[in-house]
Amino acid sequence: MHELNKFASSMQQCKSNLIKYRLQVGPSCWEHERDKFVSINELEYCQGEFIMLPTDIQQLDISDCHGLEFLVSSSSFSYSCSHPFHSLELLHLRHLPELSELIKVERLILSATFSHLKRILIWCCMSMKTLFAHWLLPNLQNLEEIWVEDCDELVEILGTSTLEDHQDAEKGSDAFIKFNLPKLRNLELHALPELKSICSKSGAMVCDSLQVINVSSYDKLKRIPPFVPLIGNGQPYGHAPPSLNITSSTFWWESLEWDDPNFKNVLQPHWHPW
């Protein structure tokens, strides 16, 4: 790990950037899909230990690491830049039992963090309760795929993580109820026994590109947030994207609670049982 920090520090001090690099700590677990790739596997983190990554990283894969609670905080990852992960396109996280949040920077707006993120895949992160805190959502305009599986404590995908955000929700803030993910195409949610919401109950998703919703093994998830725009003036929902495909168990589909019955009618032709 010391060598990774030393290399990343030297890159930040260098005036010219590398065109390609592949940095690996621990055994290899993933295939690299981008030119600027870092893989960290099978490490034990101590409190106060930090990792420095290249500022132009495009793909980050972390697996089987104990003690890692956050990707960005004063005690985990360290950056000389003010916008960590501003170039990141792929994020793969697997078997991180202590990971509770992606970003732990209280009320600090990181306007470029995850601004190029296209895919996030998470497996077996047993301490995480919320995938994306609400304040981070404006940065996710390029996000195309969310895949989350076997995270036993996860409660919400797009939500709130602080008391102030929940208070904003109760006040009916417009910023709170809109979740703009214009390029999201795939939403894969599997084996998440505590999942209760994709976004807050008062929230609506804006994702015109959505093509796949794949849901398995749920009892507590009772709502699909509206993501098909209204025709206008209180009129019913318009048509869902023709390529939309929703897959789930029949039991889960029939047990869903709908804010508007017409929304179910719009989605019904696109739903297919397991």
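The values are calculated or read from the model by the stated rules, or taken from the named source; none is laboratory data. Here the structure is a predicted model, which is why all the values come from computation and not from measurement. Cβ: placed from backbone, ideal geometry, glycine included. Neighbour counts: every protein chain shown. Protein only, heavy atoms only, side chains kept; ligands, DNA and RNA dropped before computing areas. Shrake-Rupley method; radii C 1.70, N 1.55, O 1.52, S 1.80 Å.
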Query raised in the report: Could you list, in sequence order, the residues of region 117-128 that are part of a strand (DSSP E or B), more than 17 Å from Asn180 (Cα to Cα) and open to solvent by less than 50 Å² (accessible area, probe 1.4 Å)?
Result: Leu121, Ile122
Query raised in the report: Counting only residues that are open to solvent by less than 20 Å² (accessible area, probe 1.4 Å) and outside any loop (DSSP other than H, G, I, E, B), which one in region 159-187 is modelled with the highest pLDDT?
Result: Leu187
Query raised in the report: Within region 144-158, can one find any residue that is open to solvent by less than 40 Å² (accessible area, probe 1.4 Å), touching an Asp or Glu at 6+ places or on another chain (Cβ under 8 Å) and at pLDDT below 90?
Result: no
Query raised in the report: Out of all the residues in region 48-65, is one or more at pLDDT below 85, in contact with a strand residue (DSSP E or B) (Cβ under 7 Å, 6 or more places away or on another chain) and not in a loop (DSSP other than H, G, I, E, B)?
Result: yes
Query - Total residues in region 1-43, condition open to solvent by 70 Å² or more (accessible area, probe 1.4 Å) and modelled with pLDDT of 85 or more - result: 7
Report task. Select from region 254-271 the residues that are open to solvent by 70 Å² or more (accessible area, probe 1.4 Å) and outside any helix (DSSP H, G or I) and list them in ascending order. Result -> Glu257, Asp259
Query raised in the report: For region 129-158, which residues satisfy the criterion of being part of a loop (DSSP other than H, G, I, E, B), over 11 Å from the mean Cα position of the chain (by Cα) and not β-branched (Val, Ile, Thr)?
Result: Lys129, Gln141, Asn142, Asp150, Cys151, Asp152, Glu153, Leu154
**Report entry** Enumeration of residues in region 237-253 that are assigned to a helix (DSSP H, G or I) and open to solvent by less than 20 Å² (accessible area, probe 1.4 Å)
**Finding:** Trp252, Trp253
